[in-house]
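Colleague: Quick one: the structure is below, and I'll ask about it shortly.
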Amino acid sequence: MLSLCLWGSANVRSWGKDLGNMSRTSEDISPTWARMLHNLDSTARRPLYAHPGSWNDPDMLFIGKGEFDATHAVEARSHFALWAMENAPLLIGMDLRQANAEQMALLGWKAAIALNQDPAGNQAVLAYDSAEVQIYVKTLADGTKAVALLNRSAAATHATLTAAHLKLVGEIATTDLWTGKSGRFTDETTVPLAPHETVLLKVSGRRRLPDGLYLSEMPGRVNPAVDGVVQPQPDPLVHRGLLPWNDTRGTGEHPRYGGWGGAAVDSGPYGQELQAGHEKIDTGIGILAGSRLQVRNAGQARFTARVGVDDAAWGNSGAVTFQVYGDGRLLAQSAPLRAGAALVPLAADVRGVRLIELVTRPARASDAPIR
């Protein structure tokens, strides 16, 4: 096991996954809620950069210390649940001889550990994102899904979980993985959240895409071999908590490079809504031109997509061609597309193909559709 630690710097996101088994995404954690949020945020928007054999590492657990000690059971449970959903290494950061029965039960929370160790290797993706409440969804190997509803704030609130968040339709069955309580809902359900609470659910229902998976449901099979990032950008959405070892010396903690500008799930590379040809898209991969995504094919016979240049493309200039390769052979190609153009279908027969590659590159005059 090779663990890389550059604290998320030096654009390690783009190359660390090719060299090590796990790579730190942030500064060191400390036993405060604010620093836990910082480390979580440094990992949360980069699920495409983690897969079996190479994981994002937001640093160890601090259960049993500081704001995650025996008097902060809710915060400790949130910390464990979120690290499990992110496929983070579950490294215990306390002396187990000092752990009480409740802390030992949390550290041995089998249902959460099973999510962390799920063989599909999909890091949870953000289905809803705000400064106060977040909803994380994770596709599991058995076809069910796990959901974490996080209250980041110190005030009680609620989350409305919808079928759209889950990419499911019809009646949805739920199980609370801490209490064991079961439930059902159709369309949406309201989940109360205490301050700093994370409710961890396992859910099942009919898929919105009945005969396959969206790429955004299986980030563990997708590798941004080339993500098009020329100049790494600091991520303004990473929570900037007080660094305990610095206190308020200096000018404060500035935005750090996290998941900003690279391949993104269900959003553009810079966090914007996916929209092309004035059509909003709620499910997709946002990438920069000059990208190449590798997708491990798990026996699927057909790859289908709708492709286009996002309406938010900087400068709205230049045409892009989208290509699908199967084991190195060109299978499908779009005509050159520009910002403002409607989405176009792209499909390929991928029977027997082990590695599908999705390429976006600046268009050439000779490019013509291959479908």
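Colleague: When residues of the range 162-174 are filtered for being crowded, with 17+ Cβ neighbours inside 10 Å and among the polar types (S, T, N, Q), how many remain?
Modeller: 1
Colleague: Let me ask something else about it. Listed residues VAL309, VAL353; which is more than 21 Å from GLN275 (Cα to Cα), assigned to a loop (DSSP other than H, G, I, E, B) and modelled with pLDDT of 90 or more?
Modeller: VAL353
Colleague: Same structure, new question: Going through the range 287-306 one residue at a time, which ones are open to solvent by 50 Å² or more (accessible area, probe 1.4 Å) and assigned to a strand (DSSP E or B)?
Modeller: If the condition is that a residue be open to solvent by 50 Å² or more (accessible area, probe 1.4 Å) and assigned to a strand (DSSP E or B), then ARG292, ARG296, ARG302, THR304, ARG306 are the ones that fit.
Colleague: Which members of the range 247-263 meet the condition of being open to solvent by 70 Å² or more (accessible area, probe 1.4 Å) and either touching a Gly at 6+ places or on another chain (Cβ under 7 Å) or polar (S, T, N, Q) (or both)?
Modeller: THR248, THR251, ARG256
Colleague: Among (1) open to solvent by less than 30 Å² (accessible area, probe 1.4 Å); (2) farther than 23 Å from GLY66 by Cα, there is one condition GLY143 misses while meeting the rest; what is its number?
Modeller: (1)
Colleague: OK, next. Please determine, by comparing only the residues of the range 198-210 that are at pLDDT 95 or above and more than 20 Å from the chain's Cα centre (by Cα), which one is most open to solvent (accessible area, probe 1.4 Å).
Modeller: Filtering the range 198-210 for residues that are at pLDDT 95 or above and more than 20 Å from the chain's Cα centre (by Cα), the one most open to solvent (accessible area, probe 1.4 Å) comes out as ARG206.
Colleague: Among the residues of the range 11-34, is there at least one that is touching a Pro at 6+ places or on another chain (Cβ under 7 Å), in contact (Cβ under 8 Å) with a residue 12 or more places away in the chain and aromatic (Phe, Trp, Tyr)?
Modeller: no
Colleague: Counting only residues that are at pLDDT 95 or above and not hydrophobic (A, V, I, L, M, F, W, C), which one in the range 338-350 is least open to solvent (accessible area, probe 1.4 Å)?
Modeller: ASP349
Colleague: Which one is farthest from LEU343 (Cα to Cα) among residues in the range 272-286 that are touching a strand residue (DSSP E or B) at 6+ places or on another chain (Cβ under 9 Å), part of a loop (DSSP other than H, G, I, E, B) and open to solvent by 50 Å² or more (accessible area, probe 1.4 Å)?
Modeller: Checking each candidate, the answer is GLN272.
Colleague: Please report, ordered by residue number, the strands (runs of 3 or more DSSP E) entirely within the range 185-244 with at least 1 residues that are out of contact with any helix residue (DSSP H, G or I) (no Cβ under 8 Å at 6 or more places or on another chain) and under 27 Å from LEU37 (Cβ atoms).
Modeller: 188-193, 198-207
Colleague: From (1) more than 21 Å from LEU149 (Cβ to Cβ); (2) in a helix (DSSP H, G or I), pick out the condition that doesn't hold for SER23.
Modeller: Every condition holds for SER23 apart from (2).
Colleague: Residue by residue through the range 33-63, note down the ones that are open to solvent by less than 20 Å² (accessible area, probe 1.4 Å) and not in a helix (DSSP H, G or I).
Modeller: Result: ARG46, ALA50, SER54, ASN56, ASP57, PRO58, LEU61, ILE63.
The values are calculated or read from the model by the stated rules, or taken from the named source; none is laboratory data. If you're wondering where the values come from, they're calculated on a predicted model, not measured in any experiment. Cβ atoms come from the backbone with ideal geometry, glycine included; neighbour counts cover every protein chain shown. Ligands, DNA and RNA are excluded from the accessible area calculation, which covers all protein heavy atoms including side chains. Shrake-Rupley method; radii C 1.70, N 1.55, O 1.52, S 1.80 Å.
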